[in-house]
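**Student:** Pasting a structure below so you can have a look.
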Amino acid sequence: MSDATYYAPTGGLPPQNQLIDGRAVFKSAYAVIPKGVMSDIVTSNLPHWAGARFWVLARPLSGFAETFSQYIAEVEPGGGSDTPETDPRAQAVLFVVDGELSLTIDGAGHTLVSGGYAYVPPGSDWQVHNTSKAPVRFHWIRKAYETVDGIDIPEAFVTSDHDVTPIAMPDTDGKWATTRFVDPDDVRHDMHVNIVTFEPGAVIPFLETHVMEHGLYVLQGKAVYRLNEDWVEVEAGDFMWLRAFCPQACYAGGPGKFRYLLYKDVNRHMTLGIGK
């Protein structure tokens, strides 16, 4: 269970007298998109949306995210979409970081507030609207679902960070834990979007090197994160992309918890042949 307040961008534009200095990094194995990059002039519009803008954090691209896209959506009061998704293959996870979102999936209505989490299967009939009096901001993570003969597509579900108990990593005394919204053994799911929590001073004590591609958005706190051969400082509002097999480790800096929303692709065979 979490009593978290999550970082959410609000836009704006740096003053004309500010030095051009920042922490943005784009390399072949990883990228860091810091919160200071998320100004008004880097937002995007999408078809069939009204009163909404999107910070695109990741998109399928040669040398960048290959398996997913990730947006931070900001929807004004009265805004939203009756046709938010135009790709029938796309599944989605929505995670609200600020405000109140009205979500309908196949006719069933839900209200998601800060910490609210929803999984939307591919081919769903779904809509999102802001019926409140303040903007709502949420992450929208999309991945083309990989069908497998004999395995059903997962059903939709709605839950919350506040209602799921984090699971401690072995031998960490609870200092490193993961909030898992999907059972890791449920192979119907080909992506996991979890929340990872480190207590102040906790670490990933080795260079993790594995097949999953990662997208990490820092919800709370700060840390020093190892990305390939570099140590970088990150804080709430920053986004990191890690290519498959990019070594990673972490020192949580405190004084509060370090938490991030984590995407990874899972539970499918490796595609044989480049571009197949």
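The values are calculated or read from the model by the stated rules, or taken from the named source; none is laboratory data. Note that the structure is predicted; figures quoted are calculated from it, not measured. Neighbour counts run over all protein chains shown; Cβ positions are idealised from the backbone, glycine included. Side chains are part of the model used for accessible areas, which takes the heavy atoms of the whole protein and leaves out ligands, DNA and RNA. Shrake-Rupley method; radii C 1.70, N 1.55, O 1.52, S 1.80 Å.
**Student:** Could you pull out the longest piece of the chain with no exposed loop chymotrypsin sites (Phe, Trp or Tyr not before Pro) in it, calling a site exposed if DSSP puts it outside H, G, I, E, B and it has at most 16 other Cβ atoms within 10 Å?
**Tutor:** Counting only loop sites that pass the neighbour cut-off, the longest clear stretch is 65-244.
**Student:** Based only on Cα atoms, what mean projected area does the convex hull of region 64-223 have, in nm²?
**Tutor:** Dividing the Cα hull surface by four gives the mean projection, 10.9 nm².
**Student:** Please list, ordered by chain and number, the residues whose modelled amide H lies under 5 Å from the amide H of Trp126; skip anything fewer than 5 residues away on the same chain.
**Tutor:** Under 5 Å from the amide H of Trp126: Asp106.
**Student:** Please go through the residue pairs Lys35/Lys257; Lys133/Lys257; Lys133/Lys264; Lys27/Lys133; Lys133/Lys175 and name each one whose alpha carbons sit more than 29 Å apart in this structure.
**Tutor:** Lys133/Lys257; Lys133/Lys264; Lys27/Lys133; Lys133/Lys175
**Student:** Give, rounded to the nearest 20 debye, the magnitude of the charge dipole that region 1-158 has about its Cα centre when Lys and Arg contribute +1 at Cβ and Asp and Glu contribute -1 at Cβ.
**Tutor:** With only Lys, Arg, Asp and Glu charged at Cβ, the dipole is about 640 debye.
**Student:** What trypsin sites (Lys or Arg not before Pro) does region 101-202 have in DSSP loop regions with at most 12 other beta carbons within 10 Å?
**Tutor:** Listed in order of number, the matching sites are Lys133.
**Student:** Length gain on complete extension for the stretch Thr83 to Ala50, per 0.36 nm per residue less the alpha carbon to alpha carbon distance?
**Tutor:** Fully extending the segment from Thr83 to Ala50 adds 10.8 nm.
**Student:** Reachable aspartates and glutamates from Lys222, Cα under 15 Å, same-chain residues fewer than 8 places away excluded?
**Tutor:** Glu199, Glu233, Glu235, Asp238
**Student:** Could you name the aspartates and glutamates whose alpha carbon sits less than 15 Å from that of Lys143, not counting residues in the same chain fewer than 8 places away?
**Tutor:** Glu66, Glu85, Asp87, Asp190, Glu213, Asp265
**Student:** Once amide H atoms are placed 1.01 Å from N in the peptide plane, what residues at a sequence separation of 5 or more from Asn267, or on another chain, have their amide H within under 5 Å of its amide H?
**Tutor:** When sequence neighbours closer than 5 places are left aside, there are no close amide H contacts.
**Student:** At 0.36 nm per residue, minus the direct Cα-Cα distance, what do Ile153 and Asp183 gain on full extension? Give it in nm, one decimal, please.
**Tutor:** Numbers: separation 30, 0.36 × 30 = 10.80 nm, distance 1.44 nm.
9.4 nm is the gain from fully extending Ile153 to Asp183.
**Student:** Could you give the distance between the Cα centres of region 76-108 and region 145-193, to the whole Å?
**Tutor:** 20
**Student:** Shifting gears a bit: Quote the accessible area belonging to Ser132 in square angstrom, nearest 10, computed with a 1.4 Å probe and with ligands, DNA and RNA left uncounted.
**Tutor:** My reading of the accessible area for Ser132 is about 30 Å².
**Student:** Also: Which value in nm describes the separation of the simple spin-label points at Leu207 and Met169, placed 7 Å from the Cα toward the beta carbon?
**Tutor:** So the label points at Leu207 and Met169 sit 1.6 nm apart.
**Student:** Could you work out how far the C-alpha centroid of region 4-22 sits from that of region 210-265, in angstrom?
**Tutor:** 20
**Student:** Please give the contour-minus-distance gain from Arg59 to Ser132: 0.36 nm per residue of separation, less the Cα-Cα distance, rounded to one decimal in nm.
**Tutor:** 23.3 nm
**Student:** Tell me which label goes with the value of volume of the Cα convex hull per residue in Å³ computed from the coordinates here: [x] 145; [y] 108; [z] 123.
**Tutor:** The listed entry that was calculated here is [x].
**Student:** Tell me, what HN-Hα J-couplings in whole Hz come from the Karplus equation 6.51 cos²θ - 1.76 cosθ + 1.60 at θ = phi - 60° for each residue of region 61-70, using x for Gly and Pro?
**Tutor:** The phi angles translate into 6, 4, x, 9, 3, 9, 10, 7, 10, 9 Hz.
**Student:** Further question: At 1.4 Å probe size, with every protein chain present, just tell me what the per residue accessible area of the chain comes to in Å².
**Tutor:** Per-residue value: 48 Å².
**Student:** Please quote Rg/Rh for region 149-276 to two decimal places, taking the Kirkwood radius as Rh and restricting both calculations to Cα atoms.
**Tutor:** Rg/Rh for region 149-276 comes to 0.99.
**Student:** Which longest uninterrupted range of the chain lacks any GluC sites (Glu not before Pro) assigned by DSSP to a loop state (not H, G, I, E or B) and surrounded by at most 11 other Cβ atoms within 10 Å?
**Tutor:** It works out to 1-154.
**Student:** Apply the Kirkwood formula to region 1-48: the hydrodynamic radius equals the inverse of the mean of 1/r over all pairs of different alpha-carbon atoms; give it in Å with one decimal.
**Tutor:** Over region 1-48, the inverse of the mean reciprocal pair distance is 13.7 Å.
**Student:** Starting at the first residue of region 203-216, write each ³J(HN,Hα) from the Karplus equation 6.51 cos²θ - 1.76 cosθ + 1.60 with θ = phi - 60°, in whole Hz, x for Gly and Pro.
**Tutor:** For region 203-216, the Karplus curve yields 9, 8, x, 7, 7, 4, 9, 8, 6, 6, 6, 10, x, 10 Hz.
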